[in-house]
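Accompanying notes for the structure given below.
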Amino acid sequence: MNFQEEKGKDPVAISTVPTNTDEPLGKGQDSLTAGVLDPCIFIILGASGDLTSRKLIPALYSLFLNKALPHPFLIVGCSRTVMSDEGFRERMKEALEKAGPLDPSTWPAFARLLHYRTILYDDFPSFKRLADSLKELDKKYKTGGNRIFELAIPPSLYETAARSLGRAGLGIEYENGRGWARIVVEKPFGRDLETALALDKRLHEYFQENQIFRIDHYLAKETVQNILVCRFANSIFEPLWNRNYIDQVSITAAETLGVEHRAGYYEQAGVLRDMFQNHLMQLLALTTMESPTCLDADPVQDEKVKVFRSLRPFPAEDFMDYTVLGQYGRGRIDGKEVPAYREEPGVSPDSLTPTFAMIKVFIDNWRWQGVPFYLTSGKRLARKQTAIVIQFKEIPHSVFRETLEEGISPNRLILGIYPEEKITLTFQTKRPGAHLALLSVNMNFFYYQNYQGHLLEAYEKILLDCLQGDRLLFWRQDGIEACWAFLTPILWICEHCDNRAEMLRFYASGSWGPEALKKLPELID
């Protein structure tokens with residue numbers, strides 16, 4: 001492994017798309033896939049929405065450019081908006097042009113993959129017409145009867161859409177007879193433990209567990225997956241990865257963006273539902289889990305669930321000692337004035353929704369007993385950054401007591417996820433010169449340094465795994481339930497206790513959060 005002080009050259013993405021648009025749709029495989037993929041139809045419920053335009057279609061188009069889609073392959077957009085196939089294609093072309101330069105020579109071939117059907121989510125006849133239309137497309141394009149249903153719709157419609165798909169014969173009954181069917185569910189998976197259980201019950205009325213893919217796009221980031229490799233493929237790290245050597249762990253996901261156009265969702269969710277129940281809990285599990293027997297989906301999920309079930313119940317009586325809640329006020333981001341959360345369109349002027357949270361948690365098992373984990377996330381912070389900081393214990397003796405007039409900083413292992421995907425190890429060395437003085441230095445490994453292959457975005461990786469039927473990077477229901485069981489008491493305090501207004505600390509946009517964080521100096525660099 002080559003550690004360097006400076007970041008290497010930017011990686012180059014290799015495009016292998018044919019310029020001949022008469023080539024069969026989606027034909028060809030390359031090293032992005034583990035093998036030949038089954039032909040299928042990818043059905044997007046909510047095709048007129050933001051997720052489809054910003055994430056799904058750009059990801060599918062990139063996979064198409066790199067010849068990573070199966071053959072044959074179709075995309076059928078569905079929503080309440082009345083549109084023709086041509087209208088849908090034109091809308092998706094505009095979305096791709098906004099996402100980046102669109103090569104005119106590749107668009108006609110990709111456009112031929114796109115189809116559109118109008119549906120009403122609570123209207124059985126429209127889903128029956130969709131089922132009949134899919135049969136016709138199967139017959140015409142020889143897609144083998146295989147389907148993936150992506151729920152790119154508001155969470156309030158998940159149960160309704162699942163029921164409509166099932167009643168139309170597109171769930172378990174379909175898979176038993178004519179091909180496979182998979183349903184892709186975006187987070188959030190419920191609002192609390194009770195609603196998560198209700199959603200799961202509804203999904204399982206019409207789909208089996210192996211058909212359900214619960215997306216957490218954080219898990220598809222290369223450096224997130226690299227956590228397991230860093231831990232379990234290197235003997236220099238794993239022996240130190242426990243309470244005997246580690247003093248504390250900080251897991252931070254900071255954002256510069258505000259609520260933007262998501263006020264309707266965010267007022268109901270807040271930062272705990274938006275970031276903690278899914279993304280931060282997954283990072284916590286990957287950082288702390290025991291080694292699985294192999295990297296198959298169920299062994300990995302088993303070890304994650306053990307972590308979630310080992311979380312120490314949250315001490316409600318000492319809530320303020322373990323939690324800092326905040327909401328952003330006015331400030332400056334990238335030199336521009338930005339409004340306070342309560343001034344955002346669609347937000348209540350007296351909203352008590354937290355946009356920042358730090359919670360201290362403990363894992364009561366043999367490896368981690370007594371080690372505090374600080375989980376932090378917030379909007380409108382100083383910079384967009386996601387990182388895991390492993391801070392080791394201070395040296396156990398003062399060999400330099402008579403020589404140095406300074407403290408010795410503890411070693412840190414920093415797993416950078418965004419913006420720089422890298423691993424940094426900090427350690428002490430002697431400062432050059434006549435006198436004995438310490439110098440803290442960094443040893444850096446940049447993840448993409450000298451890599452020349454195609455860089456998969458998170459949604460590209462997620463969709464590829466759906467096509468391959470690989471559930472390794474998705475949530476399993478027992479993990480969701482264990483996380484909600486831990487977080488639901490915290491949510492109840494945040495939303496129902498009498499003094500919740502006093503618990504909310506305001507912070508300036510562009511800062512690192514509420515002043516109350518200064519009570520926890522171990523979090524500050």
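Taking the fewest neighbouring Cβ atoms within 10 Å as the starting point, the ordered list for 237, 474, 42 is 237, 474, 42.
Just in the stretch 343-395: which chymotrypsin sites (Phe, Trp or Tyr not before Pro) are loop by DSSP and have at most 12 other Cβ atoms within 10 Å? Write down the numbers at each step before the final one.
Details: sites: 356, 362, 366, 368, 373, 374, 392; in loops: 362, 366, 368.
Sparse-neighbourhood loop chymotrypsin sites (Phe, Trp or Tyr not before Pro): 366.
What does the charge add up to near residue 99, with Lys and Arg as +1, Asp and Glu as -1, over the other residues with Cβ less than 14 Å from its Cβ? Taking every Cβ under 14 Å from that of residue 99, the sum is -1.
Hand me the trypsin sites (Lys or Arg not before Pro) from the stretch 204-277 located in a DSSP loop with no more than 13 other Cβ atoms within 10 Å, in residue order please. Can you show the working numbers first?
On the way: sites: 214, 221, 231, 243, 262, 273; in loops: 221, 243, 262.
Sites meeting the loop and neighbour criteria: none at all.
Take 240, 272 and order them by how many other Cβ atoms sit within 10 Å, fewest up front.
Numbers: 240 14, 272 22.
Sorted ascending by nearby Cβ count, the order is 240, 272.
If we count GluC sites (Glu not before Pro) as exposed when they sit in a DSSP loop and have at most 11 other beta carbons within 10 Å, what is the longest stretch of the chain that avoids them all? Formally, the longest exposed-site-free interval is 7-259.
Distance between the C-alpha centres of the stretch 227-288 and the stretch 78-120: 35 Å, rounded to the whole angstrom. What share of the DSSP beta bridges in the chain is antiparallel, in percent to the nearest 5? Given both bridge residues lie in the chain, the antiparallel proportion sits at roughly 55 percent. With 26 Å as the limit, write out which pairs from 98/384; 306/379; 221/304; 384/461 have Cα-Cα distances beyond it, or answer none. Table pairs above 26 Å Cα-Cα are 306/379. In this simple spin-label approximation, residue 316 and residue 233 carry label points 7 Å from Cα along the Cα→Cβ vector, and these lie 4.5 nm apart.
Within a straight-line Cα-Cα reach of under 17 Å, residue 360 can be paired with the following aspartates and glutamates, leaving aside sequence neighbours fewer than 8 residues apart in one chain: 247, 317, 318, 321, 515, 522. Taking 18 Å as the straight-line reach from the Cα of residue 139, the aspartates and glutamates in range (excluding those fewer than 8 positions away in the same chain) are 38, 175. Counting every C-alpha pair in the chain, the share spaced more than 30 angstrom apart comes to 54%. Taking the longest Cα principal axis of the chain as reference, the axis of helix 85-99 is set at about 20 degrees.
Quick note: the coordinates plus some simple rules give every number you see, no bench work behind them. Owing to the predicted nature of the structure, the values given are computational and were not obtained by experimental measurement. Please note: Cβ atoms are built from the backbone with ideal geometry, for glycine as well, and neighbour counts cover all protein chains shown.
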